[in-house]
Amino acid sequence: MMTQLNALYPVLSGLPREAQGLLSGAQTMTVPAGTVLFDEHQPCQGFPFVLSGGIRVVKRSANGRELPLYRVLPGDSCIMTSSCLLGQVDYKACGITESDTELVFLPKPAFDQLLAHVPFRIFVFQLFAERISELMQLVEEVAFQKLDQRLANLLLGRGKLIQATHQQLADELGSVREMVSRLLKGFAEQGLVRLGREQIEILDPAGLRKLSV
């Protein structure tokens, strides 16, 4: 476990021996796909290092709609968890495993002690800054881009043949299926895409690119 953990999170192998000893209390666990790791208003008990799989972090509305915020992949850090641990507040979003996920869970007391070591503190805050930049970009897209622009951008980032339902695309955009289906039908009528069963083929990437700006 430690070999894989150090390979994905090199900062840990550079810590002093006493700091590395704090990791001995960490728990390795495998979590099935679709598991809610944390939810809004729950207290944060520790810090996850992702070894395989991934976590989707979303903000849910009262009517059940979701706005994807970011993903936590192997080697990444969850800033929602970091902010809750640092601020001693409950979670403000929900984290769900996208696939079977293996992670190392570091208890809060050990996390607090590791923060006393400069390399680990820099690691946490650097990833924090990167995620904040990503979230600011998301805010800009939601606030200033029309849904057809965001959908075109999403499609362009998926390759020529996209295996996804209209509902899955709507979830990623924080929208509703009916609106996404209407826009995709319009794209198809313009010859930009061809719609199939749970798949979308890109026919005119240049046309989609013009629409996305």
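The values are calculated or read from the model by the stated rules, or taken from the named source; none is laboratory data. Note that the structure is a prediction, hence the values are computed from the model and not measured. When we count neighbours, we look across all protein chains shown, and the Cβ atoms used for this are built from the backbone with ideal geometry, even at glycine. Side chains included, ligands, DNA and RNA excluded: accessible areas come from the protein's heavy atoms. Shrake-Rupley method; radii C 1.70, N 1.55, O 1.52, S 1.80 Å.
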With the chain treated as a Gaussian network of Cα nodes joined by springs under 10 Å, which of 189, 98, 201 yields the largest mean-square fluctuation? 189
What's the carbon and sulfur percent of the stretch 166-213's accessible surface, probe 1.4 angstrom, rounded to a whole number? 48
Determine, from the Cβ-Cβ distance of residue 41 and residue 163 and an R0 of 30 Å, the FRET efficiency 1/(1 + (r/R0)^6), rounded to the nearest 0.05. 0.30
Given a 1.4 Å probe and every protein chain left where it sits, what share in percent of the accessible area of the stretch 13-129 is carbon and sulfur? 54
Translational D (Stokes-Einstein, µm²/s) of the chain at 4 °C and 1.567 mPa s when Rh comes from the Kirkwood sum over C-alpha pairs? 68
Label point 7 Å beyond Cα of residue 112 along Cβ direction - residues of the stretch 18-61 with amide nitrogen under 14 Å: 44-47
Please list 200, 122 in order of solvent-accessible area, largest first, computed with a 1.4 Å probe with all protein chains present. 122, 200
Taking the chain and counting helices only, DSSP H stretches of n ≥ 4 at -39,500 (n - 2.57) each over all residues, the nearest-500 ellipticity at 222 nm comes to -13500 deg cm²/dmol
Please list the non-local residues whose amide H lies under 5 Å from the amide H of residue 102, H modeled 1.01 Å from N, same-chain partners needing a gap of 5 or more. 31, 51, 52, 53
When the chain is treated as a GNM, springs tying every alpha-carbon pair under 10 Å, which of 54, 157, 174 comes out with the largest mean-square fluctuation? 157
Within the chain, longest stretch free of exposed trypsin sites (Lys or Arg not before Pro) [DSSP loop, at most 16 other beta carbons within 10 Å]: 1-64
For the stretch 81-213 the mean separation of alpha carbon contacts under 8 Å (6+ apart) over residue count, i.e. relative contact order in percent, is 21
Could you report the stretch 9-115's accessible area per residue, 1.4 Å probe, as an integer in Å²? 45
Expected field for residue 176, accessible surface area in Å² at 1.4 Å probe radius, rounded to 10, holds 50
Hits for the chain under the membrane-span-like helix rule (DSSP H, Cα axial span at least 15 Å, Kyte-Doolittle mean at least -0.5) are 118-144, 177-189
Among 73, 161, 138: highest mean-square fluctuation, GNM of the chain, C-alpha pairs under 10 Å: 161
Rounded to the nearest 0.05, what FRET efficiency do residue 203 and residue 100 have when you use their Cβ-Cβ distance and R0 = 35 Å? 0.50
From Cα pairs below 8 angstrom and at least 6 apart in sequence, can you work out the relative contact order of the stretch 1-91, rounded to a whole percent? 29
Please give the charge dipole size of the stretch 1-130, origin at the Cα centre, charges +1 on K and R Cβ atoms and -1 on D and E Cβ atoms. Round to the nearest 20 debye. 180
How about the chain: what cysteines have no other cysteine beta carbon under 4.7 Å from their own? 78, 94
